Structure formats: C-alpha cells, structure tokens
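All of the numbers you see were taken from the coordinates with simple rules; none came from a lab. Since we're looking at a predicted model, the values are computed, not measured. We place every Cβ from the backbone using ideal geometry, glycine too, and count neighbours over all the protein chains shown.
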Amino acid sequence: MNRGMKIKSYRGAGVMLFRYNTRFRRFEVLLGKRSVPRGYGKWAIPGGGMENCDVDFADCAFREFREETGVDIRNLQTQKLAVKRIGVPFYHWRTYMVLTWGYIPDFKPREFSELRWFPVSTVSKQDLWISISHELRAFDRLVKKHGLVIAYHTGMPFEDENLLTAYRLLTHITFRDPLSVEAYIFRYMNVGPKETTRLCRELRRYYEAVAI
C-alpha cells in the first residue's frame, strides 16, 4: 500500500421534501427517477456532492435541489423537521428533512426522468438507489414532535383543538411577559383558568421540544 496516497473524503447533502396531501389525508415525499448512469432508473431524493461554491452542507443540499428539480427550495414555504447525519471515515452526508405547504411551481427535472410525490407508507416498496429507511423510520416521531406547526400550516387533523387554536392565536404575537400569554388565551379563547394553565404548559413544552 502506498502510504503517501491520500484518500479524498466525500462530502454531500440532499433534501427529503415532504408535503401533506389534504385530499387523501396522507404525507407524501418527493422522489426522482434517475436518468444518469449511476443509479439509472432508480428512485432517489435530490442531492449530491459539495462543490467549491457551497458554504456548508445546507448550501450544498439546497443548490443540488435547485439544479435537479428546477425549483429553489428557499422560495417555498417550509419547516425544517430534522437533519440526519452520516459520518464515517471518508464519507460525510446530511439529509435535510423538510416539510412544505402552499404553492409549489412546476418541477423541471434534471438528472431525473421524472419527479413524483409518493405516499410515505409506500416508499420502502420502491426501487430506491440509496436507502432512506432510517429517515422514514424517524418520520412518524417528527410528525408527533412538530404536530402543532404541521397542523397549523397544512390542515392535518390535530386531536387537541384548543391547543391548536391557542397556537394559532400566539403565532404572530410576541410577548415579553409569560403572564401576558396566559391572560391573552384566557380572554380570547373563552376557556376557564384551569384550561388556560394547561394550554400554556403544553405550549411551553412544545416550544422547548422543537427548539434547535
């Protein structure tokens, strides 16, 4: 073995883009069918290796998404759910799991013969180029963790209607005094003191859970 030989480390990133389909009441993920020699005909998320122009992994992921789909993800309404990391010798990868809602412009595939939204529950049955099973297993936990914001933006059913209403009320308001939050909920939601206290406690837990 040539001890002077240097092995170049691979660094790359991709975007796993999700949406909630209100018609069928299901989550879907965007996959592309590859039209390049590596992984030809197999389904994959948009992504690739870092280039000199990329400042960090996120920059790489969003550039690759734009180049391969024709859509700049920074122009979409999104919520970052998680970043999944792979770090082994000579290989470093980041998968940005992102939820989108609202208007999405037409895709213009590059390196893909087509782009398609798949129900999350069926992705494991597809002919995938690289496994995304780890991300899929984490998705249910992420939906529970970010349930309030997902329901707020997408119309996904949410079992605690009072909590969702309180979240809607407070989303665009900034309070310096926590007591103001309790007074605001008590006044505008027409709920009793006990329920007001519960809602404030649950909201506090939620914000602490999703803090990054």
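Indicate the gyration tensor shape class of the range 159-210 (rounded, prolate or oblate), computed on the Cα atoms with a ≥ b ≥ c the square roots of the eigenvalues: a/c under 1.5 is rounded; otherwise a/b larger than b/c is prolate and the rest oblate. Because its axes are fairly even, with a/c under 1.5, the range 159-210 counts as rounded. Restriction of the chymotrypsin sites (Phe, Trp or Tyr not before Pro) in the range 99-172 to DSSP coil positions whose beta-carbon has at most 16 other beta-carbons within 10 angstrom yields Tyr103, Phe158. Between the labelled values (1) 19.5; (2) 18.1; (3) 20.6, the entry that holds Kirkwood radius over Cα pairs in Å as derived from this structure is (1).
Phi angles across the range 144-153 convert, under the Karplus curve 6.51 cos²θ - 1.76 cosθ + 1.60 with θ = phi - 60°, into 3J(HN,Hα) values of 5, 5, 9, x, 4, 5, 5, 4, 4, 8 Hz, Gly and Pro given as x. 3J(HN,Hα) along the range 189-205, derived from phi through the Karplus expression 6.51 cos²θ - 1.76 cosθ + 1.60 where θ = phi - 60°, amounts to 9, 6, 10, x, x, 5, 5, 4, 5, 4, 4, 5, 5, 5, 5, 4, 4 Hz, with x in place of Gly and Pro. Of all aspartates and glutamates in the structure, the ones whose alpha carbon falls short of 19 Å from that of Lys80, not counting any fewer than 8 places away in one chain, are Glu28, Asp56, Asp59, Glu64, Asp72, Glu135, Asp140, Glu208. What lysines does Lys8 reach when the alpha-carbon gap must be under 27 Å and sequence neighbours fewer than 8 apart in one chain are set aside? Result set, ordered by chain and number: Lys42, Lys84. Axis angle, to the nearest 10 degrees, between helix 161-170 and the longest C-alpha principal axis of the chain: 80 degrees.
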